[in-house]
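The values are calculated or read from the model by the stated rules, or taken from the named source; none is laboratory data. From a predicted model like this one, the values you see are computed outputs, not experimental measurements. Every residue, glycine among them, receives a Cβ derived from its backbone with ideal geometry; neighbour counts consider all protein chains shown.
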There are 2 protein chains.
Amino acid sequence: MILTSSLVDIATVIVLLHADDARQIGVREGDRVTIFNTPKGTSVRAPVVITETLISPGHVTISSGVNKRLQITDGDSVEIRASSRPASIEFIRKKMDGGRLSREETAQIVEDMTKEVLSPSEITAYITAAYINGLDMDEVESLTREMVASGDRLTFNTRPIVDKHSIGGVPGNKITLLVVPVIAASGLLIPKTSSRAITGAGGTADLMEALAPVTFTVQEIQQMTLKAGGVIVWGGATNIAPADDMIITYEYPLKIDARGQMLASIMAKKMAVGSDTCVIDIPVGPGTKIPDEAEGRVLAGELIELGRRLGIRVECAITYGGAPVGRNIGVNLEVAEALRILEGDTGPNSLMQKSVALAGMALEMTGKTAYGFGAEAAMELIRNGKALAKMKEIIAVQGGDPKITSSDLVFGSNVFDVPAPNDGYVVAVKNRELINIARTAGSPADHGAGLHLHKKPGEAVKKGEPILTIYAERGWRLQRAIEEARVSMPVVVEGMLLDRVPPVRRVA
Amino acid sequence: MILTSSLVDIATVIVLLHADDARQIGVREGDRVTIFNTPKGTSVRAPVVITETLISPGHVTISSGVNKRLQITDGDSVEIRASSRPASIEFIRKKMDGGRLSREETAQIVEDMTKEVLSPSEITAYITAAYINGLDMDEVESLTREMVASGDRLTFNTRPIVDKHSIGGVPGNKITLLVVPVIAASGLLIPKTSSRAITGAGGTADLMEALAPVTFTVQEIQQMTLKAGGVIVWGGATNIAPADDMIITYEYPLKIDARGQMLASIMAKKMAVGSDTCVIDIPVGPGTKIPDEAEGRVLAGELIELGRRLGIRVECAITYGGAPVGRNIGVNLEVAEALRILEGDTGPNSLMQKSVALAGMALEMTGKTAYGFGAEAAMELIRNGKALAKMKEIIAVQGGDPKITSSDLVFGSNVFDVPAPNDGYVVAVKNRELINIARTAGSPADHGAGLHLHKKPGEAVKKGEPILTIYAERGWRLQRAIEEARVSMPVVVEGMLLDRVPPVRRVA
């Protein structure tokens, strides 16, 4: 990509001092100073960076990230004084040394983190220490409550408020597009905030954006939920649990997802939207975050206990995550697949089954149906068209066009069928490789990009028959995705070479 | 302090992208991009920071820290591509998960750290993981060797090359100013690099700077050592073991000093200057880094073993660190105290005793004297004036005035005697509090600031007699230091209240 450069403002919090001045003030790299903008009565406390060459003594460089609170004009004189270390650093040290943090200590860390008094390195030290030494359930509860307190909340006067969450890792998991309208159609309220794709081919917020805007304030989310019964919006645009977003940002480069922080992250978002009833989907199996059912049950137990402490009733569904949910991956492909079911395509498939199972659990937990009758009730709300009508209402309340149908969603015009290499049965599909092919084809940025899986595990296939169709909006992206499919062989047909090291280019 | 502000260049490595462009490129906050300056043929790989507001799509903000290698002009077009994660992040993860790092893995981490491919947060994650999970001796050896390989080295053709190190924490520890000239006067080579004050009242480099310049390249250090037999220079000005300096910088905000990294840090500096014979001073006792003699022996054993692996013969002196070495703290006060001994003031005192003991060990280890006769030989080199002559030679070779005497060193003209609060014996002095008073008085930036301790533990004192004299160059600094002495009561006379919580202002 060709971009125009400029050497200017930096959003990060940076205060740059000359080494001579730093010595006079008595601070070293990483120490805090307080900068005073006396005429405006503002001041900011921040860590310093020290240089011998970049500025001359008598000068200080201040980033926009600092100046949004300090509000100086370039060239202004400012007073700088050494400032004490934030108390939260002691608590981070305590966690590094294997200690347990009190509610107050966790609160101080979260506050100093969100106020940017802690530097990125110090936040990383906390996350690393919590990852290595673990957080017990008391610490997780404190962290969850402080994450909630760090941002905005929805406060409904009615009960129950339903929410739904899926632990990630499974491609094509578009069930929220079915679960939310079914639950809202039953008369329950479900203010669903979702994420965008991180490493996947499309997050639920990316999918919903093909139907309606997804960026709203918490006030708007609350009003829309009261009006339509449910919404599907982008959580990242709100100020819900910002401390959680920060932790996720700092975990990301290290590719860690510490259990305690993951529990707090999930439940903080539920608590902040005012939910008291929550269904959590835990996909297990190869290629997911949770390797097996036993691990899934442990996680379920932790989520239920944390929910109990927070006043949220939680039930978990351990689901099969070894293959995509449904057959489509990519924004328009997934949205079309979900809409087709709402429109009456009731043929048996994994997407339909999983969606009504999850929605049914919420209907049972809230007493809308007796236990054992939830899934059937959910299915009926789809069959009788009420879920489709509710989905159109949700699309309309979010500012989209309610007349949209599954056939309005356009797939990329550059198409390629990947043929089966031989006769046999599909014995496995590789989740990660399927996601990578969809991303290479352009998903989620190109809404028409993605793939359709013709064959899933257990299905028979004949040599030359298509096992996978790739869609792309741009020709060069299709070529790259085809190349990737040839190398990674995401659909394994019995008798095929399972893998080859190093990978070679072979005509599939 | 009043400084002039400007909103300009930042030394830190920062690449700022708009969220829309980041999505197109396929990177998240913390992911790497490679930026290409095609006309110049340069490129840089760096982590990205993502903003929605600070810049518009189509633009990228690049910090001076990146541009020193990229060399674009403001407004140039640059190409940006997603880049893979550095392999070293996997190795950091391995350490977080409790694994042991191979030599190659440590090498990759150190390389990516010094090339700034790793972000400050990632370096902190490594340091935190190494602190919590520890490094075994193989890992410490690898880290030491890689620290040495990360920078410049001195290579002497002769042996032995002596070096000396003190584990920090004891105020007034100016023994290097005596040990180096004694060893050089014996005919041995000692290229001593020292640090500036970090949390103390004056590092050895700060002290030596009162006598001569201390900033030199490794080539200059080598030439000066061959000429004068010894030097006392500032290690921070060289490119010796820069990876060690980086680790120390990132440890500092967390106030950690992990054992493995401390061992590597000490021995890397010795190995890089080409030393094969090393004497290490380990002060133990209250207020030092090492609480007791048993701990001191463990540390000594580790240093000796690490030295053996690196081809450096190490012997350690476990010394008493519960009180200052000598009686003066502060730059000119300490230098004058050391020079007076070289000039013939041979009255018994802890500074003299400790210096000849340490220097004597090196004389014995190198065979200059038989075992048991080193300290006496060192003492003789002071008595016969050879050490003073050598010190003048060292001052001259570093560009200072060799005619300087102890009486040329000026103490601050603002002086206050702290009187004893009652009759009795001094039962303790508080190291940390003494250092803080000297720092408050202006040390090390004000060379004339500091203090003289009239009474040390075990000595009798009469009420009203001075126990401490504070010197400052500036009146307001003296007042603050007096106030601090009154509150912290650094010299404990038998019968006195030992401490009071919360502290109150009392007339001492």
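Residues in segment B:45-78 that are more than 7 Å from chain A (Cβ to nearest Cβ), free of Cβ contacts under 8 Å to residues at least 60 places away in the same chain and part of a strand (DSSP E or B): 2 in all. Among the candidates A:Gly202, A:Gly187, the residue that is assigned to a loop (DSSP other than H, G, I, E, B) and over 27 Å from B:Asp31 (Cβ atoms) is uniquely A:Gly187. Checking B:Gly372, B:Gly344, B:Gly311 one by one, the residue that is more than 25 Å from B:Gly287 (Cβ to Cβ) and modelled with pLDDT of 95 or more is B:Gly311 and no other.
For (1) more than 17 Å from B:Met147 (Cα to Cα); (2) surrounded by 23 or more Cβ atoms within 10 Å (Cβ to Cβ); (3) under 16 Å from the mean Cα position of the chain (by Cα), each residue gets a yes or a no:
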{"residue": "B:Ile190", "(1), (2), (3)": "yes, yes, no"}
{"residue": "B:Glu220", "(1), (2), (3)": "yes, no, no"}
{"residue": "B:Ile232", "(1), (2), (3)": "yes, yes, yes"}
{"residue": "B:Pro242", "(1), (2), (3)": "no, no, yes"}
{"residue": "B:Asp257", "(1), (2), (3)": "no, no, yes"}
{"residue": "B:Met262", "(1), (2), (3)": "no, no, yes"}
{"residue": "B:Thr277", "(1), (2), (3)": "yes, yes, no"}
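Collect the residues in segment A:226-251 that are in contact (Cβ under 8 Å) with a residue 60 or more places away in the chain and under 21 Å from A:Lys174 (Cβ atoms), keeping them in residue-number order. Once the filter is applied, which keeps residues that are in contact (Cβ under 8 Å) with a residue 60 or more places away in the chain and under 21 Å from A:Lys174 (Cβ atoms), segment A:226-251 yields A:Ala228, A:Gly229, A:Gly230, A:Val231, A:Ile232, A:Val233. Within segment B:422-441, the residues that satisfy the criterion of being surrounded by fewer than 24 Cβ atoms within 10 Å (Cβ to Cβ) and either touching a His at 6+ places or on another chain (Cβ under 9 Å) or not β-branched (Val, Ile, Thr) (or both) are B:Asn422, B:Asp423, B:Gly424, B:Tyr425, B:Ala428, B:Lys430, B:Arg432, B:Glu433, B:Asn436. For segment A:89-112, the condition of being more than 9 Å from chain B (Cβ to nearest Cβ), out of contact with any Pro (no Cβ under 8 Å at 6 or more places or on another chain), assigned to a strand (DSSP E or B) and not β-branched (Val, Ile, Thr) holds for none of the residues.
If you check B:Val410, B:Val415, B:Val427, which single one turns out to be under 18 Å from B:Ala201 (Cα atoms) and in a strand (DSSP E or B)? That would be B:Val415, the only listed residue that is under 18 Å from B:Ala201 (Cα atoms) and in a strand (DSSP E or B). Right, A:Arg93: within 34 Å of the chain's Cα centre (by Cα), closer than 16 Å to A:Thr34 by Cβ, surrounded by fewer than 21 Cβ atoms within 10 Å (Cβ to Cβ) and not polar (S, T, N, Q) or not? For A:Arg93, the condition - within 34 Å of the chain's Cα centre (by Cα), closer than 16 Å to A:Thr34 by Cβ, surrounded by fewer than 21 Cβ atoms within 10 Å (Cβ to Cβ) and not polar (S, T, N, Q) - is not met.
Here are B:Gly134, B:Gly151, B:Gly169: which of them is in contact with a Lys or Arg (Cβ under 7 Å, 6 or more places away or on another chain) and surrounded by fewer than 24 Cβ atoms within 10 Å (Cβ to Cβ)?
From the options B:Gly134, B:Gly151, B:Gly169, the qualifying one is B:Gly169.
Any residue at all in segment A:221-235 that is within 14 Å of another protein chain (Cβ to nearest Cβ), of a type in the set (Gly, Ala, Ser), assigned to a helix (DSSP H, G or I) and closer than 26 Å to A:Gly326 by Cα? Looking for residues that are within 14 Å of another protein chain (Cβ to nearest Cβ), of a type in the set (Gly, Ala, Ser), assigned to a helix (DSSP H, G or I) and closer than 26 Å to A:Gly326 by Cα, one finds none in segment A:221-235, hence no. Just one of the numbered conditions (1) away from every other protein chain (no Cβ under 14 Å); (2) assigned to a helix (DSSP H, G or I) is not true of B:Gln261: (1). Where helices (runs of 4 or more DSSP H) fall wholly inside segment B:306-402, the ranges with 1 or more residues that are polar (S, T, N, Q), crowded, with 23+ Cβ neighbours inside 10 Å and touching a residue at least 12 places away in the same chain (Cβ under 8 Å) are B:331-342, B:350-365. The numbered conditions (1) under 18 Å from the mean Cα position of the chain (by Cα); (2) among the small types (Gly, Ala, Ser); (3) outside the structural domain of A:Glu393 (by TED's automatic domain parsing) are all true for A:Ala149 except (1). Evaluated against (1) touching a strand residue (DSSP E or B) at 6+ places or on another chain (Cβ under 7 Å); (2) closer than 27 Å to A:Ala441 by Cβ; (3) modelled with pLDDT under 85; (4) facing chain A (nearest Cβ under 10 Å), B:Arg81 falls short on exactly one condition, (3).
Given the structure, is A:Leu207 surrounded by 22 or more Cβ atoms within 10 Å (Cβ to Cβ), under 22 Å from A:Asn431 (Cα atoms) and either modelled with pLDDT of 95 or more or more than 14 Å from every other protein chain (Cβ to nearest Cβ) (or both)? So A:Leu207 passes the test. Among residues of segment A:95-118 that are without any contact (Cβ under 8 Å) to a residue 24 or more places away in the chain, those with a Cβ under 8 angstrom from a residue that is in a loop (DSSP other than H, G, I, E, B) and surrounded by fewer than 18 Cβ atoms within 10 Å (Cβ to Cβ), sequence gap 6+ or separate chain, pair up as A:Gln108/A:Ala87. For segment A:33-42, the criterion of being buried (at least 21 other Cβ atoms within 10 Å of the Cβ), under 30 Å from A:Asn133 (Cβ atoms) and either more than 7 Å from chain B (Cβ to nearest Cβ) or among the hydroxyl-bearing types (Ser, Thr, Tyr) (or both) is met by no residue.
Is it true that some residue in segment A:145-157 is modelled with pLDDT of 95 or more, within 14 Å of chain B (Cβ to nearest Cβ) and in a helix (DSSP H, G or I)? No, because not a single residue in segment A:145-157 is modelled with pLDDT of 95 or more, within 14 Å of chain B (Cβ to nearest Cβ) and in a helix (DSSP H, G or I). Of the set (1) in contact with a Cys (Cβ under 9 Å, 6 or more places away or on another chain); (2) within 14 Å of chain A (Cβ to nearest Cβ), all apply to B:Thr249 but (1). Candidates in segment B:279-296 are the residues that are out of contact with any strand residue (DSSP E or B) (no Cβ under 7 Å at 6 or more places or on another chain) and among the small types (Gly, Ala, Ser); of these, the one that is surrounded by the fewest Cβ atoms within 10 Å (Cβ to Cβ) is B:Ala294.
Sort out which residues of segment B:452-471 are aliphatic (A, V, I, L, M) and either within 14 Å of another protein chain (Cβ to nearest Cβ) or in contact with a Lys or Arg (Cβ under 9 Å, 6 or more places away or on another chain) (or both), and write them in order of number.
B:Leu453, B:Val461, B:Ile467, B:Leu468
Yes or no: B:Ser119 modelled with pLDDT under 95, within 27 Å of the chain's Cα centre (by Cα) and among the polar types (S, T, N, Q)? For B:Ser119, the condition - modelled with pLDDT under 95, within 27 Å of the chain's Cα centre (by Cα) and among the polar types (S, T, N, Q) - is met. If you go through segment B:114-144 and keep only what is of a type in the set (Val, Ile, Thr) and more than 9 Å from chain A (Cβ to nearest Cβ), you end up with B:Thr114, B:Val117, B:Val140, B:Thr144.
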